[in-house]
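Asks: My structure is below; once you've seen it, I'll send some questions.
Here, each number is a calculation from the coordinates, and none is a lab measurement. For clarity, every value in this text was computed on a predicted model and none was experimentally measured. Counting neighbours? That spans all protein chains shown, and the Cβs are built from the backbone with ideal geometry, glycine included.
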Amino acid sequence: MSVIALPRAEPVAAPSRPGWLALLTRRKTTLVGALLMLAMLLLSVLAPVLAGDPGHMDVAARLSAPGRAHWLGTDDVGRDVWSRVVYGARLSLLVGAAVVALSFAIGVVCGLAAGYYRRLDNLVMRVMDGLMAFPAIVLAIALMAALGSSVVNVIVAIGVVNGPRVARVVRGSVLVIRETSYVEAARALGASDALMIVRHVLPNCLSPVIVQASFVFAAAVLTEAALSFLGVGVPPYVPSWGVILAEGRLYIQQAPWLVVYPGLAIMLTIFGLNLLGDGLRDLLDPKIRGLI
Amino acid sequence: MPRASVRLAVVAVAALLLAGPLSRPGAEEAPKAGGVLRVATIGEPPTLDLHTTTAVIVQQITWHVFEGLYTYDHNYNAIPLLAESHTVSDKGRTVTFRLRHGVKFHNGKEMTSADVVASLKRWGRLATSGKQFFKDVEGVEAKDPYTVALYLKEPSGALFMGLARPNNGAVIYPKEVVDAAGDNPVKDYIGTGPYRFVEHQPDRHVKLARFKDYAARAEPADGFGGKRTAWVDEILFIPVPDVAVRLAGIETGEYHVALVIQQDQYDRVKAIAGAVPGIIKPAGWSTAVLNHKHGLMTDKRIRQAFQAALDMEPIMAAGFGNKAFYRLDPGLSFPEQPQWHSKAGGELYNQHNPAKAKRLLAEAGYAGAPVRWLTTKEYQYMYKNALVAKQQLEAAGFKIDLQVVDWATLVQRRNKPEVWDVFSTGITFNPEPAYSTATNCNWPGWWCPEAKEQWLDAVARESDPKKRRAMWEKVQQIFYEDVGRIKYGDFFDLIAVRKEVHGLRPTNELNLWNVWLR
Amino acid sequence: MKTYVARRLLALLPVALVVATVAFVLMHLAPGDPASVIAGPDASPDDVQRISRQLGLDAPLPVQLVRWYGRLARGDLGQSIFLRKPVTDAILDRVEPTLLLTLFATAVSVAIGVPAGVVSARFHNSTTDQALMVVALLGVSIPNFLLGLLFILFFSVWLGWFPVAGYSPLEYGWALTARSLVLPAFALGLVQSALIARVVRSSMLDVLREQFITAGRAKGLAERAVVYKHALKNAMIPTVTIVGISFAILISGAVVVETVFNIPGLGRLIISAVLRRDYPVIQGVVLCIAGVYMLINLVVDLSYLVFDPRVRYE
C-alpha cells in the first residue's frame, strides 16, 4: 500500500564522493538550512549561558511586553519567554535526536531483516504496513494515551510511529544492493551473513537513510509540538514550544508574543531541517540531483 | 411563631455586598416571555442526580428542575420554598414541616409528604452534605400528606440552612423515582421546578424547557426565593471547556451567558460592545489541601514549614491576574459576612518566611522526599497557584512533584490517601460555616483534630449568633495553629453576559428563572 | 483487472488485522484496569470485578483478542465509558464537521497547489519558480495548528472578519457552516498545498523531459500548448495520487486543527477521550481513521488503473 513519503529516496549503488562541502554550499538554500540548524544547536547547548531559568516566575511582571528586562516578553505567570523558547529549542532537539535514534534502531533492524532475510519479509513488512496505516499524529495520540505524559514517552511514541517509515526505506535499498554483483561475489566467496550486512549492505544503504533522518527529525519536532499543544505531550511545566503556544493561546490578544515567538522558533527549525534535507538528498542521491 | 422561628433558628446573614442585578439604566421595561437562553458552561456535568454530587455545574443546571423545602433570600437567610411553614417543639428536637398544597411534579403528580420523606432519606444516605446533616437526625416521617416530622438527636443551629443549601442539595424527587433508583443514579429527572428536563446530549447540551404547571410562590422574588417565573422558553447549558471559545461566543452573540471567564480577561469583556461583565463576589477561596491521614503532611512541623514558606501576593496575582478579583485575607468566612468573619490566627497567614520553613524542615528531619501534589489545568487558577507556590516551597527546601491531571482524575485520586500529599482546589462561598468543606473532617485531607471537631459540633448545635461566632473563631484559630489546610486568599469570579439578558444576578448558584431576554 | 482489484482487497486483510491488533494492544497497555475506570472512583473491589466479568476482561488475553476481532467484524466498537453510548454513535455524531473540514481543506490545497506547481515547472529555474518553491518549503514548515493560531490573531482578533472559533452545524444553514470553516480549512489546506505544489512541479518536470514532449516542441507546437495540453495531462497521474493522499493526511490534520478552533469533530472527540481516559472511544476513533486512511490509499492505487495505461496488473 502506498503511504506518503516526502523524500523519494532511491537506492544508490555506489555513492560518488565529490567535494561534499562544495556541494553543500553550492546551493545557498542548503547553506541557509545548515546555518539555521547550527544556530538551534548552539542555542540549545548554550541555553544555560544565554537564558535564565525557564521556570522562574516573576509574577509582578506577568504579561509584560518584549522590552529590555525580558526581550521576548513574559507569560501569564511572569516567566521569561526568551528563556522558555531557548530551553524549548533544547527539548525539541533532544526529542528530535532521540526519535531519530530510536526510529532508526527500529527501522534499520526491521528493514535489514526484511530486506536481507526474505523469509521474514512478509511478516515484518505486514506489521510495518499495519503501523503505517495509522496517520502519524493519531497513532502518536493513542500511544500517549496509553503511556501517559512524559518526555520519555513522547520520544517512545514518536519513535514507534516513525520506525516503520525508516524500515521501508532501508528495506528498499537492501533489496537492490543484495542483487548487485559485488555482493553476489562476496557471497560466492563464502562471506557470512553478519559480515555481509555490516561490510557491504549497511554502508551502501546509508545515504538514503541519512536523507531520511533529516525528515524524521523534522517530523519529530513537529509531532512533539503538536502533542504538547494538544495537552497530551510533555507535562505542562516542561518548557516546550507546543506548551508555550497552548498556554499563550488564551492571551493571544493581550500578549501576541506568547504565540509569535515560539511559533517562529518552530517554523525556523522545520524550515532549516527541510532545506537541509533537500540539500542532502541532492547531494547523496544523484538520480534526482538537479531535478528539484 | 412559624415564620418568626425561621429568623430565630437561622443566623441572620448580613447583606452581602453582592453586585446588583446586571441591568442598565432604562432597563425597567416589563419582563418579556420567550426565547432560548444559551449558557456556555465549563464542561460536561458528570451526572444530573443532585443528591450524588457536589459539582457546582450540576447544581447550576439542576436547581432549575429540582427544588428543596428551603432556599436562600437575598441575605442568604433560609426561607421556605416547597415548605409552607414549620414548627419547632420538644426543646428543638422535633421540627414539623407543613408542605404547600398543589405543587405539581413535571410528570403531573402532586408533591406530597411521601415524596419528601423518600427524597430526604436518600439525600441523607448519599449526599456528602446530607450525610453530615443526618448524623444528628433520628428519623423523618410523614404525618399526613402535607406534614413531615423530623426528629433530631440534638437541637440544631443550622438545620434550615442545611436544607436550603443548593449545592448537593436536599431536593425533592417523586417517591417512585427514588424507589426505582435506590442508591444508583436516578434515571428520570423529575422535579417541581420552573423548568423541566428535556434532554441531555453529552458534549452537546442539557436542554430545559418551561414547566407550564409550575406552582410559584405568592411572595415577591427575594434572593433565590419568592416568586419564580420561567420567562425564557428554553435554557440550553452548552459545555464549552475552552474559555477562549466561551468568550468568543459572547462576542459573536452565540451564547448569552458565559460562565467562569478567567479574571485576567476582565478588560476584554468590558470592551465587548454587546456584553457586560458580572463579578461574583465573593466566589470562594483558593486552597492547597494537605493530607492528614497518610504521608509527609501528617508531620505537623512539615505542615508548618509549608505554611511559613508561602508568600500569597504573587500566588494570588498569578492565579487571578487582575487585582479587582482577589484579596488577601486569613478568614475562613468572608469580610462580606461580618457576623462570621474573623482574623483569628491571622499572624500565621502569609508569613513568607523561608528561613523559618527551613528550620522547621530541619527539625522534622525532612530529607527531600518529593511532595506529591495533584493539580489541574481545567481550573487555571489552581494550576497557577500551585506553580508559584512550588517555586516558593522549593526555595525553602521542599521538593515538589507537581502532577497535573484532569479535574475528574484529581477528584478520583484525592479519595485515596496513599497516593497524594497535597491537592489544589477552591472552597466555594458557603453562608453557613457548620457546613463548610474547609473544616469538614470527612472530606479528603481528613483534618480531624479533636478540639476542632468539638468546636465545630458546638457551632452546629448552638443557636445564639454571638456564641456561634465565638466558637467559629476558635475553629479558625486551630485551622492556623494546626495547619488544617493552606488558604491562599479570596477570589471573585467573572462571568460575561450579553446585554439582551435581563434580570441576571451574578452569583455562584446562578438562577435563570426571573431572567428574560429582550 | 477484476482479479487485480480482488487481490488488492485481499492484501488489505493482513494490514487490517495488524491495525485491529495494535488498537487492542494499545487499550491493554493503558495504565489501570479499564474496569476500574468504568466503575468509577468510589467502587468497591467487588464492583470492579463484576464489571470486569461483564466486559469479559477476566478471560485470557488471546481469547479476548479473538472476541475483539469478532466484535469488530460485526462493526461493534464497544461502549463509551464517559458518554455512556456506543462508540459508533459517538463517532457518527462527530463525523460531519471533520468530513466537511477535510473536504474544504482538500479543495483549498488543490486549488492553490496545482496551479503553483504548474507555473513553477513551466518557468523552471526562473525567479518565479525559485520564489514559489521557497514559499512552498516555508509553507511545509509551518505546523497547521500554528497557522491556525496566526489566522485567528490576524483575521479574527485584529480584522474581525471571521469567528474566533466554533462550528456551525449544517442544520443552521450551509453559509454559516462555510464561514465557520474558512479559517481552519485554510490553515490545513495551505500547508498541504505547499506539498502538492512540490509534487506537481517535479512530476511536470519529469514529463517535460519525455520524448513526446521533445517531439511536440520539434513539431513547432507553442510552449503553452506543450505545457498545458500534453504535459499537464500526463502529470495528472501523480497529481491525482497526491490529492488522494492529501485527503488522507488532512483527516489527521483536522484532528489537530479542530482543537485550535474548537470544532466538535473526531479530533476533539479523541483528545477529550484521552483526557478522560475513555479508552474505547480512543480505540474506536483511531480504528475509524486508520480504516478511512487504508481505503483512500486503496482507491488511489486502483485509480492508476484508470489513469495510467502503463500500469500492468499482473
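Asks: Return the unpartnered cysteines for the protein assembly as shown, using a Cβ-Cβ cut-off of under 4.7 Å.
Replies: Those would be A:Cys110, A:Cys205, C:Cys288, since no other cysteine Cβ in the protein assembly as shown comes under 4.7 Å of theirs.
Asks: Please find, in a Gaussian network model of chain C (springs between Cα atoms separated by less than 10 Å), the residue of C:Leu183, C:Leu221, C:Leu302 whose mean-square fluctuation is greatest.
Replies: Top of the fluctuation ranking is C:Leu221.
Asks: Tell me the Rg and the Dmax, in Å, that the Cα atoms of the stretch B:399-459 produce.
Replies: 13.7, 39
Asks: Let me ask something else. Translational diffusion coefficient of chain B at 37 °C, 0.692 mPa s, Stokes-Einstein with Kirkwood Rh over Cα pairs, in µm²/s as a whole number.
Replies: Estimated diffusion coefficient is 138 µm²/s.
Asks: Using only the alpha carbons of the stretch B:116-245, determine the length spanned along each of the three principal axes and report them from longest to shortest in whole angstroms.
Replies: The principal-axis extents, from largest down, are 50, 35, 31 Å.
Asks: Is there a simple number for the mean count of other chain Cβ atoms within 10 Å of the Cβ of residues in B:244-253, and what is it?
Replies: Neighbouring Cβ atoms belonging to other protein chains average 5 per residue here.
Asks: A follow-up question, please. Could you work out the Rg to Rh ratio of the stretch B:245-377, with Rh taken as the Kirkwood radius (inverse of the mean 1/r over all Cα pairs)?
Replies: Value, to two decimals: 1.08.
Asks: Restricting attention to the alpha-carbon atoms of the stretch B:191-284, what are Rg (one decimal) and Dmax (integer), both in Å?
Replies: Final numbers for Rg and Dmax: 16.0, 43 Å.
Asks: Still on this structure: Along each principal axis of its Cα atoms, how long is the stretch C:165-206 end to end? Whole angstroms, biggest number first, please.
Replies: 48, 17, 9
Asks: Just to check, using Stokes-Einstein with a Kirkwood Rh over alpha carbon pairs, what's the diffusion coefficient of the stretch A:108-199 at 25 °C and 0.890 mPa s in µm²/s?
Replies: Estimated diffusion coefficient is 167 µm²/s.
Asks: Taking 8 Å as the Cα distance limit and 6 or more residues as the minimum spacing, I'd like the relative contact order of the stretch B:416-518 as a percentage.
Replies: 17
Asks: A follow-up question, please. Divide by every residue of the protein assembly as shown the summed helix terms, -39500 (n - 2.57) for each DSSP H run of at least 4, and state the resulting mean residue ellipticity at 222 nm, rounded to the nearest 500 deg cm²/dmol.
Replies: Estimated from H runs of four or more residues: -16500 deg cm²/dmol.
Asks: Where does the stretch B:382-426 land on the Kirkwood hydrodynamic radius, alpha-carbon pairs, in angstrom?
Replies: It is 11.4 Å.
Asks: While we're looking at this one, here's another question. Can you give the mean number of other chain Cβ atoms that lie within 10 Å of the Cβ atoms in peptide B:160-167?
Replies: Mean shielding by partner chains, rounded to a whole number: 0.
Asks: Highest first, please rank the peptides A:154-160, B:234-240 by the mean number of other Cβ atoms sitting within 10 Å of their residues.
Replies: Highest to lowest by the protection proxy: A:154-160, B:234-240.
Asks: Given 10 Å bins starting at zero, what is the percent of C-alpha pairs of the stretch B:363-465 in each, up to the one with the largest pair distance?
Replies: P(r) over the stretch B:363-465, rounded to whole percents: 13, 35, 33, 16, 3.
Asks: Now for a separate question. Can you return the aspartates and glutamates within cross-link range of B:Lys32? Criterion is Cα-Cα under 12 Å, with same-chain partners fewer than 8 residues away left out.
Replies: B:Asp233, B:Glu500
Asks: Roughly what angle does helix B:450-461 make with the longest principal axis of chain B, taking Cα atoms, 0 to 90 degrees, to the nearest 10?
Replies: Approximately 20 degrees, to the nearest ten.
Asks: May I ask you to work out the translational diffusion coefficient for chain C at 25 °C, viscosity 0.890 mPa s, via Stokes-Einstein with Rh from the Kirkwood sum over Cα pairs, reported in whole µm²/s?
Replies: In µm²/s, the coefficient is 109.
Asks: Right, another one. Mean Kyte-Doolittle of at least 1.0 and a Cα length of 15 Å or more along the axis: which whole DSSP H helices of chain A meet both?
Replies: A:28-45, A:81-116, A:136-147, A:151-177, A:206-230, A:257-284
Asks: DSSP H helices in chain C with Cα extent of 30 Å or more along the helix axis and mean Kyte-Doolittle hydropathy at least 0.5?
Replies: C:2-29, C:87-122, C:174-208, C:232-261, C:279-307
Asks: If you don't mind, there's one more thing I want to ask. Find the percent of Cα-Cα distances in the stretch B:265-326 that exceed 19 Å, and round it to a whole number.
Replies: 53
Asks: Let me ask another. I'm checking a number: the convex hull volume of the Cα atoms of the stretch B:77-154, normalised per residue, in Å³. What is it?
Replies: 108
Asks: A follow-up question, please. Going out from 0 in 10 Å bins, what whole percent of all Cα-Cα distances in the stretch B:409-518 drops into each bin?
Replies: 11, 33, 27, 19, 9, 1
Asks: Could I ask something else about it? If you wrap a convex hull around the C-alpha atoms of the stretch A:154-262 and split its volume per residue, what is the figure in Å³?
Replies: Taking the convex hull of the Cα positions in the stretch A:154-262, it is 109 Å³ per residue.
Asks: Applying a 10 Å radius around every beta-carbon, put C:171-182, B:426-437 in order of their mean neighbour count, most first.
Replies: Going by the mean number of other Cβ atoms within 10 Å, highest first, we get B:426-437, C:171-182.
Asks: Right, something else. What's the whole-number percent of alpha carbon pairs in the protein assembly as shown lying beyond 42 angstrom?
Replies: Percent of Cα pairs beyond 42 Å in the protein assembly as shown: 47.
Asks: Two-decimal Rg/Rh of chain A from alpha-carbon positions, Kirkwood Rh?
Replies: 1.05
Asks: Output the peptides B:346-355, A:265-274, B:273-282, B:392-401 sorted from most to least packed, where packing is the average of other Cβ atoms within 10 Å over each peptide's residues.
Replies: Result, highest mean Cβ count within 10 Å first: A:265-274, B:273-282, B:392-401, B:346-355.
Asks: Per residue and in cubic angstrom, what volume does the convex hull of the Cα atoms of the stretch C:95-221 have?
Replies: 140
Asks: What share of Cα pairs, in percent, lie more than 20 angstrom apart in the stretch B:330-410?
Replies: 52
Asks: In addition: Against the longest principal axis of chain B, how steep is helix B:465-481, in degrees 0 to 90 to the nearest 10, with axes from Cα atoms?
Replies: 40
Asks: By how many degrees, between 0 and 90 and to the nearest 10, does the Cα long axis of helix B:354-364 differ from the longest principal axis of chain B?
Replies: Tilt of helix B:354-364: around 80 degrees.
Asks: Please compute, for peptide A:244-253, the average count of beta-carbon atoms on other protein chains lying within 10 Å of each residue's beta-carbon.
Replies: Other-chain Cβ atoms within 10 Å of each residue's Cβ, averaged: 6.
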